[in-house]
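Before any comments, here is the structure.
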Amino acid sequence: MSDKRVTAILLAAGKGTRMGGSVRKQYMELDGRPLLSYSLETLEKSHVITDIVVVVPDGEAGYVAENIVKPVEEAGGRVRKFVSGGAERCDSVRCGIEAIDWPCDYVFIHDGARPFISEETLQYLYDDVMKNGACVAAVPSKDTVKISDDSGFVKATPERRNVWIIQTPQCFEFELAKDAYEKVTAGPGITDDAMVIEKMTGHKVKLTLSDYRNIKVTTPEDIEVARSFVLSGGSE
């Protein structure tokens, strides 16, 4: 167990509109288990995480507690609070941060739609956030990336060695994150937590090498990929 207090904010309040269907994607079954339960179990068992806040859709805390948290809570019993999410991701993260009323040194913000976060990555992030105060899970881009203009023509081609694909968890000193989220206003230009820290505080954010299996399940095609990872042992 970490000698610091590290709270994981597990985001599970999204509507999952790109997935389609009548079941929220965080509740969809993957090999007989709700998708959300995979990342939750890893956080519960982690030697890094000491406390967990689960951000859920308004009115669904009871459902999540009974059907997702209860089956895995023997792994650690670290879920301290459920809070309702906001209209945008930024609002949901703010709600999670404001719910932390216990001693906290660092906060790890993780998407519940990323079921395959590993303990190894959590440890790398912990080491980096202690050194740098802010870091995000990321992997080098395998593809060449083009920047377009407003008309859809190529404007620039950044060097691939400098292009990273950003994941979660995104990890920060607690007071740094709290200060940034007290200042920020949600909007379409804010797409991840690192942007909030960068824009509101100017603090540099370290890129921490993660795992290509730490995918975000967003579309039906992603479910098939996730299922193949489970069958091959990729969730362990």
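A short reminder: the numbers here are calculations on the coordinates, not readings from a lab. The shown structure was predicted, so the numbers you read here are calculated from the model rather than taken from an experiment. Here the Cβ positions follow ideal geometry from the backbone for every residue, glycine too, while neighbour counts run over all protein chains shown.
Things to note:
- With 0.36 nm allotted per residue and the present C-alpha distance subtracted, the Thr191-Asp211 stretch has 5.1 nm of extension available.
- For the range 112-203: rounded, prolate or oblate by the Cα gyration tensor [a/c cutoff 1.5]: oblate
- Out-of-range pairs (alpha-carbon distance over 23 Å; input Lys45/Lys183; Lys183/Lys204; Lys70/Lys131; Lys155/Lys183; Lys4/Lys45): Lys45/Lys183; Lys70/Lys131; Lys155/Lys183
- Taking only the C-alpha atoms of the range 21-87, Rg followed by Dmax gives 11.8, 36 Å.
- When you filter the GluC sites (Glu not before Pro) in the range 120-191 for DSSP loop state and at most 14 other Cβ atoms inside 10 Å of their Cβ, you are left with Glu159.
- Extension gain, Ser141 back to Lys178 (0.36 nm per residue minus Cα-Cα distance, nm): 10.3 nm
- Of His110, His203, His47, the sequence from fewest to most neighbouring Cβ atoms within 10 angstrom is His47, His203, His110.
- Cubic angstrom per residue, convex hull over Cα atoms of the range 66-157: 194
- Helix-only [θ]222 nm of the chain, DSSP H runs n ≥ 4, -39500 (n - 2.57) each, per residue, nearest 500: -8500 deg cm²/dmol
- The length gained by stretching the chain between Glu159 and Leu231 to full extension, at 0.36 nm per residue less their Cα-Cα distance, is 22.4 nm.
- The range 149-236: C-alpha gyration tensor shape, a/c 1.5 cut-off, then a/b vs b/c: oblate
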